[in-house]
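The values are calculated or read from the model by the stated rules, or taken from the named source; none is laboratory data. None of the values given here were measured: they were computed from a predicted structure. Please note: Cβ atoms are built from the backbone with ideal geometry, for glycine as well, and neighbour counts cover all protein chains shown. Surface areas here come from the heavy atoms of the whole protein model, side chains and all, with no ligands, DNA or RNA. Shrake-Rupley method; radii C 1.70, N 1.55, O 1.52, S 1.80 Å.
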Amino acid sequence: MESKCHPNNKGESKDYFIDPNTSSETNLTSPRNEIIFTVQSAFNLIQLPMKTKYRSRIVSRMSLLIIVALFIITNHLRLTHADQVVLLDTTREATLEWTRYPYGPQAQTPGWVEESFTDFVKGINWRSYVVCDVAYHNVNNWLWSPFIDRGPANRLYIEIQFTIRDCSLFPGNALSCKETFSLLFYEFDAATREPPPWQTDSYRLIARIAAGEGRFNQNSDVDINTEVKSIAVNKKGVYFAFRDQGACISVLAVKVYYITCPAVTENFAHFNETPTGKEITIIEKQNGTCVENAEPYEAPTYLCKGDGKWTILTGGCRCKAGYEPNNLNKTCTECPLGTFKSPEVTKCTPCPPNSNSSKTASPFCKCMPGYYRHPSDGRHMPCYSPPSAPTNLTLLFVDQTSAIISWSAPTKNKTNTGKTLSNKYHSDIVYKIRCNMCSPNVMYNPSSDTFNETKITLTNLEPVTTYTVQVHATNSVSHLTDLSRHPNESSLITTNDTPFSNVSFFTIPLDLNEIKTSHAEIVFTTESVLLSTAFNLRILAITSKDADLEWDKPIQSDSPLEFYELRWFPKLELDVINKTALNTKETKAHIEGLMENTEYGFQVRCKTINGFGSYSNMIYAQTLQSVGSVYDDSVQLRFIAGAIVTGVLFLVIFIIATVYFMRSKHQDELDKKSTNHLPLPLDYATNEVNSMDTTPIVKTLHLNAISVCPYER
């Protein structure tokens, strides 16, 4: 049947044009199309006449660059553009056979008719529906899509490509011509073989669609419109319906799809393809899973926006120990033999000295036999062996009850290749003394169980006794030789492969019976004690700075005497180690250089070929104070007394002068006051007063005349 409103007439097919800007799918692929076009243009340039060898060079170089560019741009487009999951696309169907109403011989109007829309120039051959019942009254044509299962979609999009003829093309013939149609939908929980519900009240209106791009008003002018609408869905699926009420319409293509954020791998975590939310503004949270051979350091999450783009990545994964990250492919590659990958390093690293790995994907390199790794060290640190024995063990001093022993530090560690390691454990070597013949009363200095010094002093030894002293050298890995405590190296590692560092092995008492250490040994014999120690030490004379002492020879001795040693020191400095001493072969001595007025202690002992005897009992004596000092003190006292007397004398003179001056000044003031009085009457001055007349006289001056009036009581 030939339709008046379907633009698929043979003479019109060559004029059809589909605007690529109206298609959302075309918009997503347009950057890729431009790249392909650019690549094709580049290859066209190669076809120009040129020498074969130059052309081959250019082709090889351009091919490499193009492959890299396409790989980068494709990944970029995949990350920046949303993906569409198409549920229905009529352009890929050979036939549609959708449900229509009215339909059949009883239909009042022709209704929707399925036809083909072809454009051989563009390679288009689509099945479409047309309707053009403008010549009928009360037109009500319905067209239903098949049931569309929404799957995981939360929001469905429907894209319609259509044409509408202008009503001006039907002058006088159109009884109910319109230029719009209605798009509706109906959600359903299950698809059935029965036709979908077609009652108007069962459907919800999506939009009333008009020709946005335009309407063609001539047979040769065609304007194809594209309209995209979306709805939120909740049930299993949906029917879409097209309702015509008197328009001349061609529904050329229908596509139903939903948008997803594409599957991506970021921070070594994979995020599956995620449908967008029910609304454009809703963000869907997607949890990621670590790629193979990776583990999360924080739960990876990614947010999918309503436009199908990822945003706000949190957390992620990292490659497990023994695997190296490949940042380009976002994968974890196992480490080859002879290398390892631990949390301390970022990539597969060759084994440190004195260690090796016997398998691929090794999280650490196991120490070779005889070498150990300290628990507080990282897996990237070398393995060390316990130190060798101390060298140059020497007896510096020995007498009847004490001995001093010194030695040199062991040689530095060496690798299995003979290269000397400049390592921190050489300075951390400690020593422990073992003396089987020493009694519990023997004192050691240093007194700690282990120490760093290369010298030790032993006291409270027994005279004429042979001692064997062993000096054991240990370091921080010597304890690891105790297989009963640490049968293998893995026991020193916690579950997360992080070495513990809160244990100090130097604070643990060292039991030489449990571990094997290298040591040096020395044998010596203490000297004998002289039989007599009573020398009767006495002071013959003592002054402010000198003293004369005398003592008796020992009553008996086990060997000939060589000399006597006399020592002295202030009594307040009895515990001073470096005391002053004097050697003499006589039984008397004269000491000089003593401090005045100071109490001294004196002791003497004898020296034989077997060593020193014990000191005599200590005696004390105080030096005198010199006469010069006493004279100086008396002169000083006299000077101070004279100064005090002189000061007092001057003070008395000053006080007397001050009193005299004040009294003279007061007398002068009295004299001045007396000279300022009026002169007395003559009769008072000459003592010529009439004693018989006692009446006072008052002189009054009035107009240069003096009158005397009696004063009446």
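Out of all the residues in the range 272-289, is one or more open to solvent by 60 Å² or more (accessible area, probe 1.4 Å), under 30 Å from residue 126 (Cα atoms), of a type in the set (D, E, K, R) and out of contact with any Gly (no Cβ under 6 Å at 6 or more places or on another chain)?
Going residue by residue through the range 272-289, those that are open to solvent by 60 Å² or more (accessible area, probe 1.4 Å) are 272-273, 278-283, 285, 287, 289.
Still in the running and under 30 Å from residue 126 (Cα atoms): none.
No: the range 272-289 contains no residue that is open to solvent by 60 Å² or more (accessible area, probe 1.4 Å), under 30 Å from residue 126 (Cα atoms), of a type in the set (D, E, K, R) and out of contact with any Gly (no Cβ under 6 Å at 6 or more places or on another chain).
Working only within the range 151-170, note down all residues that are open to solvent by 40 Å² or more (accessible area, probe 1.4 Å) and out of contact with any Pro (no Cβ under 9 Å at 6 or more places or on another chain).
168, 169, listed by residue number.
Looking at (1) in contact (Cβ under 8 Å) with a residue 24 or more places away in the chain; (2) within 24 Å of the chain's Cα centre (by Cα), which is the one condition that is false for residue 301?
Going through (1) in contact (Cβ under 8 Å) with a residue 24 or more places away in the chain; (2) within 24 Å of the chain's Cα centre (by Cα) one by one, residue 301 breaks only (1).
If the Cβ limit is 7 Å and pairs must be 6+ apart or interchain, which residue in the range 383-399 that is farther than 11 Å from residue 478 by Cβ pairs with which residue that is part of a loop (DSSP other than H, G, I, E, B) and of a type in the set (Asp, Glu)?
398/527; 399/527
Please work out which residue is nearest to the chain's Cα centre (by Cα), limiting yourself to the range 118-132 and to residues that are at pLDDT 90 or above and open to solvent by less than 30 Å² (accessible area, probe 1.4 Å).
Start the filter on the range 118-132 by keeping residues that are at pLDDT 90 or above, which leaves 126-132.
Subsequent filtering for residues that are open to solvent by less than 30 Å² (accessible area, probe 1.4 Å) retains 128-131.
Working: 128: 65, 129: 67, 130: 69, 131: 71 Å.
If we take residues in the range 118-132 being at pLDDT 90 or above and open to solvent by less than 30 Å² (accessible area, probe 1.4 Å), then 128 is nearest to the chain's Cα centre (by Cα).
From the list 288, 306, 322, exactly one residue is within 13 Å of residue 361 (Cβ to Cβ) and either of a type in the set (Gly, Ala, Ser) or under 22 Å from the mean Cα position of the chain (by Cα) (or both). Which is it? Walk me through it before giving the result.
On the way: 288 fails: within 13 Å of residue 361 (Cβ to Cβ); 306 fails: within 13 Å of residue 361 (Cβ to Cβ).
After ruling out the rest, the residue left standing is 322.
Every residue in the range 374-398 that is open to solvent by 50 Å² or more (accessible area, probe 1.4 Å) and not aliphatic (A, V, I, L, M), please.
376, 380, 391, 392, 394, 397
Would you mention how many residues in the range 74-98 are modelled with pLDDT under 90 and surrounded by 14 or more Cβ atoms within 10 Å (Cβ to Cβ)?
4
With the requirement that a residue be surrounded by 13 or more Cβ atoms within 10 Å (Cβ to Cβ) and over 14 Å from residue 551 (Cβ atoms), what does the range 582-606 give you?
Selection gives 594, 596, 598, 600, 601.
Do we have any residue at all in the range 407-415 that's at pLDDT 90 or above, part of a strand (DSSP E or B) and out of contact with any helix residue (DSSP H, G or I) (no Cβ under 7 Å at 6 or more places or on another chain)?
yes
Given (1) within 18 Å of residue 254 (Cα to Cα); (2) in contact with a strand residue (DSSP E or B) (Cβ under 6 Å, 6 or more places away or on another chain), where does residue 134 come up short, assuming only one miss?
Looking at each condition in turn, residue 134 falls short on (1).
Checking the structure you have, find out if any residue of the range 268-276 is within 17 Å of residue 378 (Cα to Cα) and under 29 Å from the mean Cα position of the chain (by Cα). Break it down stepwise before answering.
In the first step, residues of the range 268-276 are kept if they are within 17 Å of residue 378 (Cα to Cα); the result is none.
For the range 268-276, residues within 17 Å of residue 378 (Cα to Cα) and under 29 Å from the mean Cα position of the chain (by Cα): absent.
Residues in the range 294-303 that are hydrophobic (A, V, I, L, M, F, W, C) and surrounded by fewer than 19 Cβ atoms within 10 Å (Cβ to Cβ): how many?
2
Could you tell me which residue of the range 304-329 is nearest to residue 272 (Cα to Cα), considering only residues that are open to solvent by less than 60 Å² (accessible area, probe 1.4 Å) and assigned to a loop (DSSP other than H, G, I, E, B)?
So, considering only residues that are open to solvent by less than 60 Å² (accessible area, probe 1.4 Å) and assigned to a loop (DSSP other than H, G, I, E, B), the one nearest to residue 272 (Cα to Cα) is 308.
A quick yes/no check of all residues on (1) modelled with pLDDT under 85; (2) in a strand (DSSP E or B):
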| position | (1), (2) |
| --- | --- |
| 139 | no, no |
| 151 | no, no |
| 161 | no, yes |
| 168 | yes, no |
| 190 | yes, no |
| 208 | no, yes |
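Considering each residue of the range 607-627, count those that are open to solvent by less than 70 Å² (accessible area, probe 1.4 Å) and not in a strand (DSSP E or B), and give that number.
Within the range 607-627, the subset open to solvent by less than 70 Å² (accessible area, probe 1.4 Å) is 607-608, 610-616, 618-619, 621, 623, 626.
If we keep only those that are not in a strand (DSSP E or B) as well, we get 610, 613-616, 618, 623, 626.
Total meeting the criteria: 8.
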